[in-house]
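What follows is a single structure, written as structure tokens, with notes after it.
Just so you know, all these numbers are worked out from the coordinates, no wet-lab data involved. Every value quoted in this text rests on a predicted model; they were computed, and no experiment measured them. Every residue, glycine as well, gets a Cβ built from its backbone with ideal geometry; the counts of neighbours run over all protein chains shown.
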Amino acid sequence: MAYRIGLGVDFHKLEENREFWLGGVKIPHYKGAIGQSDADVLLHAICDALLGALCLGDIGEHFPDTDMSYKNIDSKILLRKTYQLIKTAGYSVVNIDSTICLELPKIKPYVSAMQKVISGILEVTEKDISIKATTTEKMGFAGREEGLMAHASVLLIRKND
Ligand SMILES: [Zn+2]
């Protein structure tokens, strides 16, 4: 089978006085996501989409939050490790589409920096990494700025060997 599709979804809580990392980029904001790692919701959704495409389980199995070596870890390291699994299985990334659901901050000014970081790790061009954002019209946990969510879809292709 030449192509495989994957889907990833992730959620994190937002709290004050915490660094806000999104798409591998540090964004100035009065709140940041909390979690065992740097809580980068977009990179986690992408990791899950990559793993899902090859039926390799999920990010929690590969990088358990009970493992203290992942405490405050840069999620770019998790994405690199996940991509290694994909490469080892003989696949490469075609493209990724993603949407982040959050009320604030506006992420548009940071999208090209995120595309650069993610495309660099996954060995594709910036145009292969789509990053969109939406609010929830002030509804629910995202609308109340209690948390945020990211969805990612990925298409993989088997490398010629
Ligand atoms: Zn996460």
Relative contact order of the range 90-161, defined on C-alpha pairs under 8 angstrom at six or more residues apart (%):
53 percent
Which of the three applies to the range 50-102, rounded, prolate or oblate, going by the alpha-carbon gyration tensor with a ≥ b ≥ c and a/c under 1.5 meaning rounded?
oblate
Here the range 116-131 yields Karplus 3J(HN,Hα) values (6.51, -1.76, 1.60; θ = phi - 60°; whole Hz; Gly and Pro given as x) of 5, 4, 6, 5, x, 5, 8, 6, 10, 8, 4, 6, 8, 10, 8, 10
How about the range 61-161: which trypsin sites (Lys or Arg not before Pro) there lie in a loop by DSSP and see at most 15 other Cβ atoms within 10 Å?
LYS71, LYS106, LYS138, ARG144, LYS159
Got the relative contact order for the chain handy, in percent, Cα pairs under 8 Å and 6 or more residues apart?
33 percent
Looking at the range 12-134, what % of its DSSP beta bridges pair antiparallel, to the nearest 5?
55 percent
Restricting to Cα atoms and excluding each atom paired with itself, what does the Kirkwood estimate give for the chain in Å?
15.7 Å
Could you derive backbone 3J(HN,Hα) for the range 3-19 from the dihedral phi with the Karplus parameters 6.51, -1.76 and 1.60 (θ = phi - 60°), listing whole Hz in sequence and x where the residue is Gly or Pro?
10, 9, 10, x, 10, x, 9, 9, 10, 9, 7, 10, 9, 6, 6, 9, 4
Per-residue HN-Hα couplings for the range 81-96, Karplus 6.51 cos²θ - 1.76 cosθ + 1.60 at θ = phi - 60°, whole Hz, x for Gly and Pro?
5, 5, 5, 4, 5, 5, 5, 4, 6, x, 10, 10, 7, 8, 7, 10
Compare THR66, THR134, THR82 in a GNM of the chain, Cα atoms joined below 10 Å, and give the one with the largest fluctuation.
THR66
Distance between the range 62-101 and the range 1-37 - C-alpha centres, whole angstrom:
12 Å
If the convex hull of the alpha-carbon atoms of the range 82-122 is projected onto planes in all directions, what is the mean projected area in square nanometres?
3.6 nm²
